[in-house]
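Below: the structure, in structure tokens.
The values are calculated or read from the model by the stated rules, or taken from the named source; none is laboratory data. Just so it is clear, the structure is predicted and the values come from calculations on it, not from any experiment. Heads up, the Cβs are rebuilt from the backbone with ideal geometry, glycines too, and the neighbour counts pull from every protein chain shown. For the accessible areas, the whole protein counts, side chains as well, though only heavy atoms, and no ligand, DNA or RNA atoms are used. Shrake-Rupley method; radii C 1.70, N 1.55, O 1.52, S 1.80 Å.
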Amino acid sequence: METFTSIDAMRAWCREKSRGGNTIGLVPTMGALHEGHLSLVHAAKKDCDHCVTSIFVNPTQFAANEDLDQYPRPIEDDLAMLRDAGVEAVFMPTADEMYPGGPQTHATSVHPSAVALPLEGVHRPEHFVGVATVVMKLFQAAPSDRAFFGRKDFQQLCVIEHMVHDLNLPIEIVPCDIVREPDGLAMSSRNRYLSDDQRQRALCIGKSLNQVEQAFLEGNHDPKQLESIMADHLSPCDSVDYAVVVDRQTLLPISEITQNAVALVAVRVGVTRLIDNRELIVA
Ligand code: AMP
């Protein structure tokens, strides 16, 4: 497995590997890898001739009061997992390589579409500008045919899909399903912050989504009622940023589910912020 810290070297590797029409699959991550990330790697390896994974904790998507400094960086474990998974190349640039002179000196950024405004956009106002910008930069550093993103970060996936469409980027976005722990907790790098008690309480997130899905499948298509089912189940959390049922395309509120919808949750358990979601597909 090759590792690259320089954009030029990473780009040269992609150019070389794509000779003769071979396809490259890119899996962007912030490291602290788990089975959720590896599911994207497996999908990329299955779909593409070559697979590259990036590990970069992007400073511009964290607000000043967020966990940038504490974000886990177990780089040796990550590299071992990627080697075992059969990844050929890892792009792990420094912040200086991605933002020479520091992020503050960068005047150019990607301002995502309206789908970035609600939900996370309200609670983390600069987050998606940071995400869209760094993903755009990763697409330039590791030019690939396909990029694999998890449905775990549902709104992020929407933002990236819109960016690729709106800016005519020559890359296909491949959404991948949420991977969960056996007890239903969606895998997340932030789960390692949870104490035993907090982890037990966090199980209410998956349970609330199960209840909503069950009610929906039994014919309840009223978002307000579904949201109150979710709220009832989320009481073990310390706070709820949002627990909503919205249109799956626009992420805007709806009065009745007549087209595909999605239930989206963001909560805090202790100081740890967790997100999860469940798509509600109209038969
Ligand atoms: P992160 O390292 O948190 O930025 O995540 C990198 C990629 O892995 C994103 O596309 C996430 O949506 C995806 N991902 C994270 N957790 C999961 C999960 N539990 N199941 C599937 N994909 C995931």
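For the stretch 272-280, the Karplus equation 6.51 cos²θ - 1.76 cosθ + 1.60, evaluated at θ = phi - 60°, returns couplings of 8, 9, 10, 10, 7, 7, 9, 7, 10 Hz by residue, with Gly and Pro reported as x. In the chain, the DSSP-assigned H stretches of four residues or longer account for a calculated mean residue ellipticity at 222 nm of -11000 deg cm²/dmol, using -39500 (n - 2.57) per stretch and the full residue count as denominator.
Within the chain, what is the longest stretch that has no GluC sites (Glu not before Pro) placed in a DSSP loop and near at most 10 other beta-carbon atoms within 10 Å?
1-217
Across the stretch 207-223, rounded Karplus estimates of 3J(HN,Hα) from the backbone phi angles (6.51 cos²θ - 1.76 cosθ + 1.60, θ = phi - 60°) give 5, 4, 6, 4, 5, 5, 4, 4, 4, 4, 5, 7, x, 7, 10, 9, x Hz, Gly and Pro being marked x. Residue by residue, the stretch 255-264 carries 3J(HN,Hα) couplings of 8, 8, 8, 10, 10, 3, 10, 8, 8, 10 Hz when phi is fed to the Karplus relation 6.51 cos²θ - 1.76 cosθ + 1.60 (θ = phi - 60°); x denotes Gly or Pro.
If I compute solvent accessible area with a 1.4 Å probe over the protein chains, what percent of it on the chain is carbon and sulfur?
The value for the chain is 50 percent carbon and sulfur by accessible area.
Near the amide H of Phe149, within less than 5 Å, lie the amide hydrogens of Val174, Cys176, all on another chain or at least 5 residues away, with H placed in the peptide plane. Computed over every Cα-Cα pair of the chain and binned at 5 Å starting from 0, the pair-distance distribution P(r) comes out as 1, 5, 12, 16, 18, 17, 13, 9, 5, 2, 1, 0 percent. At a probe radius of 1.4 angstrom, the accessible area of the chain per residue rounds to 47 square angstrom. For Thr3, the residues whose modelled amide H falls within less than 5 Å of its own, excluding neighbours fewer than 5 places apart on the same chain, are Val90. The radius of gyration of the Cα set in the stretch 189-280, together with its Dmax, comes out at 13.2, 40 angstrom. Residues whose amide H lies under 5 Å from that of Asp241, counting only those 5 or more places away or on a different chain, are Ala266, Val267, Arg268; hydrogens are built 1.01 Å from N in the peptide plane. Can you list the lysines whose alpha carbon sits under 25 Å from that of Lys45, skipping same-chain ones fewer than 8 residues off? Partners within reach: Lys17, Lys137, Lys152. Candidates Ala243, Ala261, Leu274 compared by Cα position along the dipole of the stretch 189-280: farthest toward the positive end lies Leu274, with charges placed on Cβ.
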